[in-house]
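Here's the structure, in structure tokens; my notes come after.
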Amino acid sequence: MSEPEFAIFADPSATLTLADIIGGDANFRPVKNHGIPAQFTTDAVWLRVTISSEKTMRAVMALTPTFVEFVDIYAADERPGLSVADFAHFGLGAGRPLSDDALSGFEDAVALELGAGIPKVIYIRAASPNVMMMLNVRFYQPRDYLMHKALVSTVGGAVIGCMALLLVTQLMLYRSDPDPLYLFLALSTISAAAYHMGSLGYARLLFSEGGRGNDLFLAFFSSFGLLAGAMTTMRAFDLTSPRHWMYWVCVISGAVGLVSTLSIFVGLNLYTAPVRNIFILACVTLAAIYGLVTIRPGDWASYLRAAAFLVLWVGMTVMLLYYWNVPGLPDWASKGYAIACLLEALLLTAMLSWRLRAAHHLNSALQEKALQAARSAGQRAAEMVEIRTAELAEAKRTAEAALEAELQQQKNQVRFMEVISHQYRTPLASIRSSVDTMELGLRDDDKANHLRIARIRRGIARLVEVLEINLERSRVQGLALEPEATATPVSMIVLDAARRSRDLMPDATITVDITEDAVGAAICVDADMVNLALVNLLENAVKYSGPTGNGSVMLSVEIVGGNVRIAVEDQGIGIPSDEIGKVLQARVRGSNTSRIKGTGMGLSLVSRIATAHAAAIDIESVEGGGTIVMLSFPIAQAGASLESRA
């Protein structure tokens, strides 16, 4: 066979027929390409091919790739006055059902009879309004075509088989090492394998009746491949910072891939595909350059990564040159991108395996170091435990000694108060007796001396009450607070506390208010302890009312919610709102009491007594507006005791 001659003509209207073409309506221009270069167009493109042979022979004309939608082949022996009836017609293309005239369903190829010395003229009309338009035309002798198909099928099948094995490997590696890069690689592998199957014509098995199925299949996986490739590139280079320019290359490429993928389903593929292909080439080129720039000496993972993207760039470049009908490229060049995708996935998988191996070695080294550190730490910890145990034992002995000393001090304090009380009682009793004797010798009309005798008696009573109160306080302030509870009328406890407080503070105005329903109520308490708590509250109320000029104090009892509530209310300086919860602690006083003498033990003692009786204590206070302290006790039932309530 002689070298075929090619001429090309574009029909923007896509309406010209063979009759128009041979009638002279087409202005063909010679081209050196063996077909129609890659382009995105809605035009119909006519290709005129002229071929001759010195001897009669059969030939096979093969057209690749197989995704062009409509291909019409008209062939006839060249002679003057050719008409449409002289041409044999073959209707091929992915948009039509599989043709009985074609030699293979996986490739648009037809058999031709070449006469000796008689040129054969062939008109090829191609239309591809939804996907890329391109055709490469090759002529083979039947035997050579068989070898060509065997080679292409073998290589194509091997590539797909390797991709399938690689996909399984990536998924298995992901199970052992859940790095997202394995999933991105798996998506890229699926996209490349599907696109490769489509370019080999295998997708025609799924869409044997033609239509747009094959177009959508190829366009989808081509666009989705850009999205998956962008994610793979981003993860392979660990691009997490938006400050890096390569990060934005991947983000923009992924966005273009996503938009292109979605545009396929609304019929815009012909407009978005050129942009998509530009971004694929740009992303792969920049990734290859960046891979070379980021090689780190001694880091084999960086070498494998750079090689992966460099191989991908070479494969894509070879495929694009083939699509552009650059002379001298073999047919397998159309599969360059698919083969490069396979090699890229292999190299990136190897890179991950290398990283995993390096991480394993590093982990082993760190574990050994950690084990040694743990042993040292364990030994040190054992030594520290011995030291701390000895220190704790010493601290325990010191604490026990201090506690014993404190208990002894408290016992001594109680004994001291008992001695003081006893020692003062005898002379006070003598003074009281002498005063009584003196009063007997006074005349009834000696009112001045009778008043003096009354004041002496009140002073003696007040002194005795002070001694009794302080003795009770010293006993209650010990570590052990064990009330002896009996059912006692609350009115008796309240009235006694008011009396004692008036004896202690004769100038104070203490008003008692007991509601009618509370008069006969009883509470199960240690009456002396509750009495002491009320005396403390009344003392506080009188003391902190003095600075305001209003010393009136109210002691009230009422039944609230099944409980007996005893309240002491004053119109004194009050407590700051943020300090109310703190004043129940020992030795804590309000911040506004600095000019008033006190120890901060009164409310603490009241709180301890309330806790010992399982009673509730509540404080309502407004700074500068007075304070109400309330103690709530359950009403005693017949036979009740403090233990039964606890």
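Computed over neighbours whose Cβ is under 14 Å from that of Ala381, the net charge equals +1, Lys and Arg +1, Asp and Glu -1. For q = 0.12, 0.19, 0.20 Å⁻¹, what log10 I(q)/I(0) does the range 71-216 give under the Debye formula with an equal point scatterer on each alpha carbon and no solvent? Rounded to two decimals, the profile gives -0.66, -1.20, -1.27. Kirkwood analysis of the range 478-580, using all unique Cα-Cα pairs, places the hydrodynamic radius at 14.6 Å.
Would you mind classifying the range 1-151 by shape? Square roots of the alpha carbon gyration tensor eigenvalues, ordered a ≥ b ≥ c; an a/c under 1.5 is rounded, otherwise it is prolate if a/b is larger than b/c and oblate if not. The shape class here is oblate.
Of Met316, Met438, the residue with the largest accessible area leads and the full order is Met438, Met316 (1.4 Å probe). Here, the range 25-78 is characterised by an Rg to Rh ratio of 0.96, where Rg is the alpha-carbon radius of gyration and Rh the Kirkwood radius. Here the extension length gained between Val622 and Lys32 equals 202.1 nm, from 0.36 nm per residue of separation less the Cα-Cα distance. Modelled label positions at Leu440 and Asp496, each set 7 Å beyond Cα in the direction of Cβ, lie 3.1 nm from each other.
Lys543 contributes an accessible area of around 80 Å² to the protein surface, as traced by a 1.4 Å probe with all chains present. Tell me which label goes with the value of Cα Rg over 2.2 N^0.38 Å computed from the coordinates here: [x] 1.26; [y] 2.09; [z] 1.37. Given [x] 1.26; [y] 2.09; [z] 1.37, the calculated one carries the label [y]. Calculate the spin-label point distance for Leu268 paired with Ala358, positioning each point 7 Å from the Cα along the beta-carbon direction, and give it in nanometres. Inter-label distance under the simple model: 4.2 nm. Sorted largest first by accessible area at a 1.4 angstrom probe radius, with every protein chain in place, the residues Trp245, Trp354 fall in the order Trp245, Trp354. Note on the chain: dipole from Cβ charges, positive end direction compared against His450, Ser376, Phe6; the farthest Cα belongs to Ser376. Near Trp354, once Lys and Arg are set to +1 and Asp and Glu to -1 for all other residues with Cβ below 15 Å from its Cβ, the sum equals 0. Cβ-Cβ distance of Ala19 and Arg79, R₀ of 25 Å, FRET efficiency by 1/(1 + (r/R0)^6): the value works out to about 0.90. Projected label points at Leu392 and Thr593, each 7 Å from Cα along the beta carbon direction, are separated by 3.9 nanometres. Restricting attention to the chain, the count of lysine pairs at 8 or more positions apart or across chains with alpha carbons under 27 Å apart stands at 13.
Computed extension length for Ile252-His450: 60.2 nm, one decimal, from 0.36 nm per residue of separation with the Cα-Cα distance subtracted.
Cβ-Cβ distance of Asp179 and Leu151, R₀ of 35 Å, FRET efficiency by 1/(1 + (r/R0)^6): the value works out to about 0.40.
Once the piece of chain linking Gln141 and Leu171 is laid out straight, how much longer is it, given 0.36 nm per residue of separation minus the C-alpha distance between them?
Difference between extended and current length: 6.4 nm.
Mind giving me the FRET efficiency for Ala374 and Thr240? R0 is 35 Å, r the Cβ-Cβ distance, nearest 0.05 is fine. Result of the calculation: an efficiency of 0.60.
Based on Cα contacts under 8 Å between residues 6+ apart, the range 1-134 shows a relative contact order of 35 percent. Sorting Asp578, Asp215, Asp436 on solvent-accessible area from highest to lowest, probe radius 1.4 Å, gives Asp578, Asp436, Asp215.
The values are calculated or read from the model by the stated rules, or taken from the named source; none is laboratory data. Every value quoted in this text rests on a predicted model; they were computed, and no experiment measured them. A quick note on method: Cβ atoms are made from the backbone with ideal geometry, for glycine too, and the neighbour counts reach across all protein chains shown. Heads up: the accessible areas ignore ligands, DNA and RNA and are worked out on the full protein's heavy atoms, side chains in. Shrake-Rupley method; radii C 1.70, N 1.55, O 1.52, S 1.80 Å.
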